[in-house]
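Asks: The structure is given below, and queries will be raised subsequently.
Values quoted throughout were computed directly from the atomic coordinates according to the rules given, and no laboratory measurement underlies them. Remember, predicted model here, so these are calculated numbers, not experimental data. Counting neighbours? That spans all protein chains shown, and the Cβs are built from the backbone with ideal geometry, glycine included.
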Amino acid sequence: MPDVYSIALNDLRHQEGSRVDLSRILTNPEFATDLVHTDGDIEIEGALQSVSEGVLLTAHATYDTVSECSRCLKIVEEEGDADLTELYFYPNRAKALVESGDEEAGELPLIENDTINIESLLRDTIVGQMPFIPLCEPDCPGLCTVCGERLADLPGDHEHEQEPVVPNPLDELRAKLVAEKRGE
Ligand SMILES: [Zn+2]
Ligand SMILES: [Zn+2]
């Protein structure tokens with residue numbers, strides 16, 4: 001089964017400046033943090049361009065996300081989008097960079113078998129844009145600490161009467177009995 005994140009470069013001539021459109025729909029991949037995840041397909045529109053070092057991908061991804069408000073736990077569905085830019089190197093170019101002393105060049109994304117793989121680019125970009133602390137509204141007031149309801153759903157003057165401390169009649173009786181026993 002071909003990897004859904006692989007893009008064959010067959011149509012792209014290995015000649016600087018040559019360019020092809022890139023259009024993809026990834027069916028139901030899931031990129032997620034603890035509180036946010038993508039929901040449904042991810043659509044990618046952009047282009048691939050031959051450059052001297054390899055192939056430059058520039059594209060725009062659109063998708064839906066589902067998150068849970070970190071204050072009131074409400075489920076929030078939103079549209080998301082991300083700009084994608086990555087330069088995939090010909091292996092011999094990356095190798096030349098490593099040999100010339102660029103140690104980080106060992107980590108560069110490569111063109112392998114005339115194919116690029118966009119999974120880590122997508123994952124890093126989309127997950128990188130997900131909020132650490134998702135909120136349903138920027139000023140979400142959270143939950144009532146007494147009844148646990150969403151404060152945003154309650155009237156502004158929502159509050160709970162403090163239960164007055166009523167003396168327990170049994171305690172009073174017990175104290176009276178103890179006192180009588182002692183002959184007080
Ligand atoms: Zn909220
Ligand atoms: Zn309450």
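Asks: What FRET efficiency comes out for the pair residue 178/residue 145, r = Cβ-Cβ distance, R0 = 35 Å, nearest 0.05?
Replies: Calculated transfer efficiency: 0.40.
Asks: Also, I was wondering about something else. Could you list 178, 127 so that the one with the fewest beta carbons within 10 Å of its beta carbon is first and the one with the most is last?
Replies: 178, 127
Asks: Angle between the Cα long axis of helix 119-129 and the longest principal axis of the chain, 0 to 90 degrees, nearest 10?
Replies: 40
Asks: Let me ask something else. Which residue, chosen from 122, 12, 33, occupies the Cα position most advanced towards the positive end of the dipole of the chain, where the dipole is computed from +1 (Lys, Arg) and -1 (Asp, Glu) charges on Cβ about the Cα centre?
Replies: The Cα lying farthest towards the positive end belongs to 33.
Asks: Of 54, 97, 82, whose Cα points farthest to the positive end of the dipole of segment 54-106 (charges on the beta-carbon: +1 Lys, Arg; -1 Asp, Glu; origin at the Cα centre)?
Replies: Sorting the options by dipole projection puts first 97.
Asks: Now for a different question. So what's the angle, to the nearest 10 degrees on a 0 to 90 scale, between helix 169-181 and the longest Cα principal axis of the chain?
Replies: 50
Asks: Another question about this same structure. Taking the Cα centre of the chain as origin, work out the dipole magnitude from +1 charges on Lys and Arg Cβ and -1 charges on Asp and Glu Cβ, in debye rounded to 20.
Replies: So the dipole magnitude of the chain works out to roughly 520 debye.
Asks: Going by how many other beta carbons lie within 10 Å of each one, how would you line up 5, 63, fewest first?
Replies: Result, fewest neighbours first: 5, 63.
Asks: How would you classify segment 6-152 from its alpha-carbon gyration tensor, with a ≥ b ≥ c the square roots of the eigenvalues: rounded for a/c under 1.5, else prolate if a/b is greater than b/c, otherwise oblate?
Replies: prolate
Asks: From Cα pairs below 8 angstrom and at least 6 apart in sequence, can you work out the relative contact order of segment 6-152, rounded to a whole percent?
Replies: 22
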